[in-house]
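Undergrad: Please see the structure below; I have some questions.
The values are calculated or read from the model by the stated rules, or taken from the named source; none is laboratory data. These numbers were taken from a predicted model, which means no experiment stands behind them. Glycine also receives a Cβ, built like all others from the backbone with ideal geometry; neighbour counts cover every protein chain displayed. Heads up: the accessible areas ignore ligands, DNA and RNA and are worked out on the full protein's heavy atoms, side chains in. Shrake-Rupley method; radii C 1.70, N 1.55, O 1.52, S 1.80 Å.
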Amino acid sequence: MARKPTVYKRCDCPDQNRPKKGGCSHSWSYNRTNDEGKRTRATIPESVGLTQAQAQAVLDGMTPGVAPEPIETNLTFRQWSADWLSRRRAKEVSVGTYEVAIRIHLNPRWGNQRLRTIKKAQVEAWVQEMEANKRIANSTADGHWKVFKMVIKDALQNGKITANPTYEVDGPYVGESPSYVFSPDECWAIYDAFPEQYRPIPMLGFACGVRQAEAFAVCDDVIDTDKGLLTVRRQVLRSKETHYKPTLVDRLKTSPYLNTKDVPMPPYLLEALKENRRRHPPQATQSVLWEHKKGIDDCK
């Protein structure tokens, strides 16, 4: 097995491995075998200021025998974040969140700056600015920080930068979100304020803790009045996958597989559902059995 090349310097600077301000200004080099079989000396581009370990990591990530590609010195954060966003394969909601964070917050701050010039000290100062900005919630700042880190890490992995300026930088502090529990009087006030036909929706949330999409999907066949149980196994979705049409699907948000959960129903919920069914009798509707790893058009 061929031995991996090792980075080195030929200069006489006293501080080669950890360059300081005004210290070593030379690039790291290594010995490479060219196409003719001759060993030649090659320089790692943009390696001035890197430690030996960082330069070696750049070299180890290169294809053996191939000279490193020159780094695009004028590549801006705006340009690379757009490229990064175009390659995302996450859920549409997640990609939309990424796009909003980049367009509203990250591009105004970093968009025109060249990627290779973003320094760790600048990133640390930016994190402190977000923490001090009372108009940005801590959780929102944390979301922006995570998107920024993903873009920078992707640039490093694709050889657009030689060092990660977010390395060992703590993101914005996120404290515990304050919780608020509605009193019974507030619950009934909200119930009374709803249109009569839709009053079970907030009541299902109060009594059983179901999500909004799960409350929309409660049908007559999942209500067991004898045992006082609600079987949650459906939700109403309107997304790219459902062609933006409200669709009743048999699949829970919390699991990629078809699953169910039984929730006890208090007497006041049973009474409210009974009254609602008396005034608005259930109607037949179509439900899609959305199976794991299948497109909705391929489901029953």
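Undergrad: Of all residues in the range 272-298, how many are outside any loop (DSSP other than H, G, I, E, B), of a type outside the set (Lys, Arg) and closer than 18 Å to Cys219 by Cα?
TA: Total satisfying the criteria: 5.
Undergrad: Being in contact (Cβ under 8 Å) with a residue 40 or more places away in the chain and among the acidic types (Asp, Glu) is the filter here, so list the residues in the range 126-144 that pass it.
TA: Taking the range 126-144 first, the residues in contact (Cβ under 8 Å) with a residue 40 or more places away in the chain are 127, 130-131, 143-144.
Listed by number, the list holds a single entry, Glu131.
Matching residues to (1) in a loop (DSSP other than H, G, I, E, B); (2) in contact with a His (Cβ under 7 Å, 6 or more places away or on another chain):
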position: Leu106; (1), (2): no, yes
position: Gln122; (1), (2): no, no
position: Phe148; (1), (2): no, no
position: Thr162; (1), (2): yes, no
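Undergrad: Would you be able to say whether some residue in the range 28-40 is open to solvent by less than 50 Å² (accessible area, probe 1.4 Å), in contact with a Gly (Cβ under 6 Å, 6 or more places away or on another chain) and at pLDDT below 70?
TA: For the range 28-40, residues open to solvent by less than 50 Å² (accessible area, probe 1.4 Å), in contact with a Gly (Cβ under 6 Å, 6 or more places away or on another chain) and at pLDDT below 70: absent.
Undergrad: Please enumerate the residues belonging to the range 260-293 that are of a type in the set (A, V, I, L, M) and open to solvent by 70 Å² or more (accessible area, probe 1.4 Å).
TA: Hit for the range 260-293 is Ala284, nothing else.
Undergrad: Determine, yes or no, whether Thr166 is touching a residue at least 12 places away in the same chain (Cβ under 8 Å) and more than 21 Å from Asn107 (Cβ to Cβ).
TA: Numbers: touching a residue at least 12 places away in the same chain (Cβ under 8 Å): yes; more than 21 Å from Asn107 (Cβ to Cβ): no.
No: the conditions fail for Thr166.
Undergrad: Turning to a different aspect of this structure: Return a yes/no flag: does the range 221-228 have any residue that is assigned to a loop (DSSP other than H, G, I, E, B) and within 30 Å of the chain's Cα centre (by Cα).
TA: Within the range 221-228, none of the residues are assigned to a loop (DSSP other than H, G, I, E, B) and within 30 Å of the chain's Cα centre (by Cα).
Undergrad: Looking at the range 241-255, is at least one residue within 23 Å of the chain's Cα centre (by Cα) and aliphatic (A, V, I, L, M)?
TA: Yes, there is a match, as at least one residue in the range 241-255 is within 23 Å of the chain's Cα centre (by Cα) and aliphatic (A, V, I, L, M).
Undergrad: May I pose another question? Quick one: which of Pro165, Pro195, Pro200 is of a type outside the set (A, V, I, L, M, F, W, C), surrounded by 12 or more Cβ atoms within 10 Å (Cβ to Cβ), under 30 Å from Val249 (Cα atoms) and at pLDDT 90 or above?
TA: Only one candidate qualifies: Pro200.
Undergrad: Here is a follow-up. Go through the range 170-192 and report how many residues are of a type outside the set (Phe, Trp, Tyr) and under 30 Å from Glu124 (Cβ atoms).
TA: Looking only at that region, the number is 8.
Undergrad: Exactly one of (1) open to solvent by 30 Å² or more (accessible area, probe 1.4 Å); (2) touching a helix residue (DSSP H, G or I) at 6+ places or on another chain (Cβ under 9 Å) is unmet by Ser179. Its number?
TA: (2)
Undergrad: Sticking with this structure for a sec: I'd like the residue in the range 203-242 that is out of contact with any strand residue (DSSP E or B) (no Cβ under 8 Å at 6 or more places or on another chain) and without any contact (Cβ under 8 Å) to a residue 12 or more places away in the chain and, out of all such residues, is least open to solvent (accessible area, probe 1.4 Å).
TA: Gly205
Undergrad: Still on this structure, I have one more. Name the residue, out of Val58, Val95, Val48, that is at pLDDT 80 or above, surrounded by 11 or more Cβ atoms within 10 Å (Cβ to Cβ) and among the hydrophobic types (A, V, I, L, M, F, W, C).
TA: Val95
Undergrad: Do any residues in the range 108-125 that are under 14 Å from Ala82 (Cβ atoms) have Cβ atoms under 8 Å from those of residues that are assigned to a loop (DSSP other than H, G, I, E, B) and at pLDDT below 90, where the two are at least six apart or on different chains, and which pairs are they?
TA: Qualifying pairs under 8 Å: Leu115/Leu75; Leu115/Lys160; Leu115/Ile161.
Undergrad: Scan the range 263-271 and tell me whether some residue there is assigned to a loop (DSSP other than H, G, I, E, B), within 30 Å of Ala90 (Cα to Cα) and at pLDDT 90 or above.
TA: No, the range 263-271 contains no residue that is assigned to a loop (DSSP other than H, G, I, E, B), within 30 Å of Ala90 (Cα to Cα) and at pLDDT 90 or above.
Undergrad: If I filter the range 100-148 down to residues being of a type in the set (A, V, I, L, M, F, W, C) and open to solvent by 60 Å² or more (accessible area, probe 1.4 Å), which single residue comes out as modelled with the lowest pLDDT? Break it down into steps so the answer makes sense when it comes.
TA: Applying the first criterion (of a type in the set (A, V, I, L, M, F, W, C)) to the range 100-148 yields 100-102, 104, 106, 110, 115, 118, 121, 123, 125-127, 130, 132, 136-137, 141, 145, 147-148.
Of the ones still in play, those that are also open to solvent by 60 Å² or more (accessible area, probe 1.4 Å) are 100, 104, 121, 132.
Values: Val100: 91, Ile104: 91, Ala121: 92, Ala132: 88.
For the range 100-148, the residue satisfying everything is Ala132.
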